[in-house]
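The values are calculated or read from the model by the stated rules, or taken from the named source; none is laboratory data. Here the structure is a predicted model, which means the values were calculated and not measured. Cβ sites come from the backbone with ideal geometry, for glycine too, and all protein chains shown count toward neighbours.
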Amino acid sequence: HKYVYDFAEGNKDLKDLLGGKGANLAEMTNLGLPVPPGFTITTEACKAYLTTGREPDGLAAQIEAHLESLEREMGRRLGDPDDPLLVSVRSGAKFSMPGMMETVLNVGLNDRSVVGLSNQAGGNDRFAWDSYRRLIQMFGKTVCEVPGEEFEHALDEIKSAKGTHNDLDLDADDLRGLVDAYKKIFAKHTGREFPQEPREQLDLAIRAVFDSWNAERAILYRRQERIPADLGTAVNVVAMVFGNLGPDSGTGVAFTRDPGSGAQGIYGDYLANAQGEDVVAGIRNTVPLQELEQLDKTSYDQLLGIMARLEEHYKDLCDIEFTIERGKLWMLQTRVGKRTAAAAFVIAGQLVDEGLIDLDEALHRVNGAQLAQLMFPRFQLDHEFEAVAKGIGASPGAASGKVVFTSARAVELAAEGEAVILVRRETNPDDLNGMIAAKGILTSRGGKTSHAAVVARGMGKTCVSGADELDVNVPAKRFTVGDHVVNEGDVVSIDGTTGKVYLGEVPVMPSEVVQYFEGELDPENTDDALVRSVHRIMTHADAARRLRVRTNADTGADAARARRFGAEGIGLCRTEHMFLGDRRELVERLILASGAREREDALAALLPLQRADFIEIFREMDGLPVTVRLIDPPLHEFLPPLEQLAVNVAVAQERGEDVAKEEALLAAVRRMHEENPMLGLRGVRLGLVIPGLFAMQVRAIAEAAVAVVRDGGKACPEIMVPLVGAVQELETVRAEAERIIAEVVGDSGVEVLIGTMIEVPRAALTAGQIAEAAEFFSFGTNDLTQMGWGFSRDDVEGAFFWRYLELGIFGISPFESIDTDGVGRLVRIAAEEGRAARPGLKLGVCGEHGGDPDSVHFFHEVGLDYVSCSPFRVPVARLEAGRAAI
Ligand code: PEP
Ligand code: MG
């Protein structure tokens, strides 16, 4: 079995076997770029080690063979006392993962080879001892779990004894002393001397990389990011090159474009006379990469050439780590670089312009989550504002407000019209009311799946979690961050995308992407590269997609906005939203009606109001289909709550007031009270129980359509019956509806479709029968998830979902992204059996999932005709529908 690959034997497509780092080192080697020679131990070896607890047979010999050829190539032997070869040992899984061991440099140094290294470097003792102390430090920390602070502390002590902050002021003797101190620390914590045998160092480091796959943080990270637990990591063993050999050496990182904005140019940092981790560790100040041109023009020009070459080859933004050893440039790593949402769009557009990729590929390079991010308002940041802390961007948006520390205070201040930011160490279910009242939520603990993060995302509320620089003191009603003390009532601003926290009120500016969708920015005529690129990619997505995109809207204004955003009709108009406000009284009359006469009067009063609503919507959606859903929720939702009413009646009776009306109301509320209203008298059941209710709605829809057509418009109504579980329910409603429609539309030319929601599991499972009575299905995946899982959609997120997410039972709430295995299976069955019974059956989805990127791909795949989502998510659905189709 081949467990070890020379760099020359791999390529960039072997990430499963060689990990990301190894595959890309191999790719660069084969491109002829200056990569220090080395080899990669495969993920297979790691997996074998992790299952059996020991290195697989043959691995040691293969490492030996590759090491020997590396030694031959370099003309040096590992750890040779006179002229040592040193290597770095680097982990490299398929996906880069925090929590795993990263790197050990300078493996091969010991008390004897440190002298050889000095000679090799022309008698540079300082360099040799500095390299040795780094080995003990890194090896101790990452391989043997010696607390890193102890090494840092010892280093600080020596520096302060010398009266300096700069490690470059330490001379060879200082560093030799530091090596002694480090060895003592090592021995104290491990109970053994620092290993002097080079091959033992190497083997222990390799084993530590294997073991780090199962470090606690790595396991947690994988579970949360849905990275399979059995991939294993590769290990790269690379000949050392030195950036700390003097002023003509150094190390740096670079991006081929600006990963923040996507702008073309040179982006990176360089640090002279330094090794590896110094750049990221911020030990000394780096200089902008451009300054390398003055320091070493040859290397600089070569680096620029390589960067251009890499972009051309990977056809994407690359990030790079490099080292210069005495004027010779070495490439230590490259990969396709991470970028912001804005940069993703801008770069995709640029690459098309440069002819590197086509528009299909550009569409693959961006996603709906990025587009959604770009649609939030942003802080307008000038240098006046500097972040005081950075947590995790847990729920996007930009929010400013007065700081409060308790849920109760949040509710109180919000009731006075104040914008508040609820600040907690972490939130729990008791904080729910405060979270609802607050503009934003800020916690000092917890990650992307903490209670605060999950609940805030569910509410669409801005949230920064895990800002651990914050010291939150709830009883004292203040938090401290750095030198700042923030008291209750002080204003802070939080950015739920970047995770940054600012003191004071940062002004907010609207999203230019939204302005573009609103038609306020002409994409052909703007110098905004982002808007141009979004326009281009959206246009391509629209041309590519098969799925239509509709919107959920129940007012003319929402319908109009959605249409500007690209909606191609309404997939769900919730008519119950038209029963609120002043109309509640009419609904009350309907419910309290003591006989047919009174009921008919109440319905007659509602009819013209409903008709007017529909006329407005049909006009806005002129020529496009509009699915109107008959009333869905239990009627008692339109009445006052039982307990409050009972108290009011009792109090009024006490006062001797006339309470006849209230008593009737109370009796009705009692009569209609249900323990589980969500499973009770709602949806189609209402239509079957309350005579005339659905008939009134159907009549209003048909009359509105006729009125619009008479005015020269085109109305395409689709009447949808909610909560159907059996075809008999639908047949009963349908018979009455057809009679009314025929009567109203006459010869006006209006056509009305009648269909049903599929939101009860039984409906999905009997879809073949139901399709006989339905011209279309619309999947109500909210209720289908609720009833499929048995999760109350109104309660679970705050109650226990955070725990489920933490445990990895699912990676994302099934109310947010469709559970393809379970609920999705019901959708698939219903789609197949429905279409088998009625070819040409129109299929759509109108649950929240209709605007969720992953779910859109699923709905494309099962062959739905359209998705329907809230107006704001229409562009996201269009983009993802396009991505799903190519
Ligand atoms: C659904 O259940 O998915 C649906 C769209 O209906 P509602 O959310 O109104 O229950
Ligand atoms: Mg529903």
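The table for this structure:
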quantity	calculated
Condition met for Lys21 (within 35 Å of the chain's Cα centre (by Cα), within 30 Å of Gly305 (Cβ to Cβ) and touching a residue at least 40 places away in the same chain (Cβ under 8 Å))	yes
The listed residue being among the small types (Gly, Ala, Ser) and surrounded by fewer than 19 Cβ atoms within 10 Å (Cβ to Cβ), out of Ala60, Ala48, Ala23	Ala60
Phe858 vs. criteria aromatic (Phe, Trp, Tyr), more than 30 Å from Gly519 (Cβ to Cβ) and more than 16 Å from ligand 2 (Cβ to nearest atom)	yes
Test set (1) over 17 Å from Arg629 (Cα atoms); (2) over 43 Å from the mean Cα position of the chain (by Cα) - Ala737 fails condition number	(1)
One residue from Pro722, Pro717 being within 16 Å of ligand 2 (Cβ to nearest atom) and either of a type outside the set (Phe, Trp, Tyr) or touching a His at 6+ places or on another chain (Cβ under 7 Å) (or both)	Pro722
Residue in the range 351-368 that is free of Cβ contacts under 8 Å to residues at least 24 places away in the same chain and over 24 Å from Ala263 (Cα atoms) present	no
Residue match in the range 858-867 (condition: hydroxyl-bearing (Ser, Thr, Tyr), more than 13 Å from ligand 1 (Cβ to nearest atom) and surrounded by 21 or more Cβ atoms within 10 Å (Cβ to Cβ))	yes
Every pair of residues 6+ apart whose Cβ atoms lie under 9 Å, when the first sits in the range 778-796 and is closer than 15 Å to Ile829 by Cα and modelled with pLDDT under 95 while the second is among the aromatic types (Phe, Trp, Tyr) and buried (at least 19 other Cβ atoms within 10 Å of the Cβ)	none
Members of the range 821-852 that are away from ligand 1 (no atom under 16 Å from the Cβ) and within 24 Å of the chain's Cα centre (by Cα)	Asp821
Some residue of the range 747-754 being within 16 Å of ligand 2 (Cβ to nearest atom) and either among the acidic types (Asp, Glu) or in contact (Cβ under 8 Å) with a residue 12 or more places away in the chain (or both)	no
Residue within the range 528-549 that is under 24 Å from Pro717 (Cβ atoms) and either at pLDDT below 95 or under 24 Å from the mean Cα position of the chain (by Cα) (or both) present	yes
Pick from the range 660-671, criterion more than 12 Å from Pro641 (Cβ to Cβ) and touching a residue at least 60 places away in the same chain (Cβ under 8 Å), ranking: farthest from the chain's Cα centre (by Cα)	Ala664
Residue match in the range 578-598 (condition: surrounded by fewer than 15 Cβ atoms within 10 Å (Cβ to Cβ), touching a residue at least 12 places away in the same chain (Cβ under 8 Å) and among the charged types (D, E, K, R))	yes
Test: residue in the range 245-261 that is in a loop (DSSP other than H, G, I, E, B) and in contact with a Pro (Cβ under 9 Å, 6 or more places away or on another chain)	no
Residue that is farthest from Gly460 (Cα to Cα) [pool: residues in the range 770-800 that are surrounded by fewer than 17 Cβ atoms within 10 Å (Cβ to Cβ) and more than 16 Å from ligand 1 (Cβ to nearest atom)]	Glu772
Qualifying residue in the range 683-692 (condition: farther than 28 Å from Trp789 by Cα, crowded, with 16+ Cβ neighbours inside 10 Å, in contact (Cβ under 8 Å) with a residue 60 or more places away in the chain and assigned by TED's automatic domain parsing to the domain that holds Val827)	yes
Answer from Glu703, Glu657, Glu674 - the residue that is among the acidic types (Asp, Glu), at negative phi and part of a helix (DSSP H, G or I)	Glu703
Tally of residues being in contact with a His (Cβ under 7 Å, 6 or more places away or on another chain), outside any loop (DSSP other than H, G, I, E, B) and farther than 13 Å from Arg90 by Cα across the range 1-48	2
Given (1) over 20 Å from Val238 (Cβ atoms); (2) assigned by TED's automatic domain parsing to the domain that holds Asp278; (3) surrounded by 21 or more Cβ atoms within 10 Å (Cβ to Cβ), index of the condition Glu311 fails	(3)
Helices (runs of 4 or more DSSP H) (entirely within the range 141-213) containing at least 1 residues that are closer than 22 Å to Leu50 by Cβ and among the aliphatic types (A, V, I, L, M)	198-212
Residue among Val651, Val628 that is outside any loop (DSSP other than H, G, I, E, B), more than 16 Å from ligand 1 (Cβ to nearest atom) and β-branched (Val, Ile, Thr)	Val651
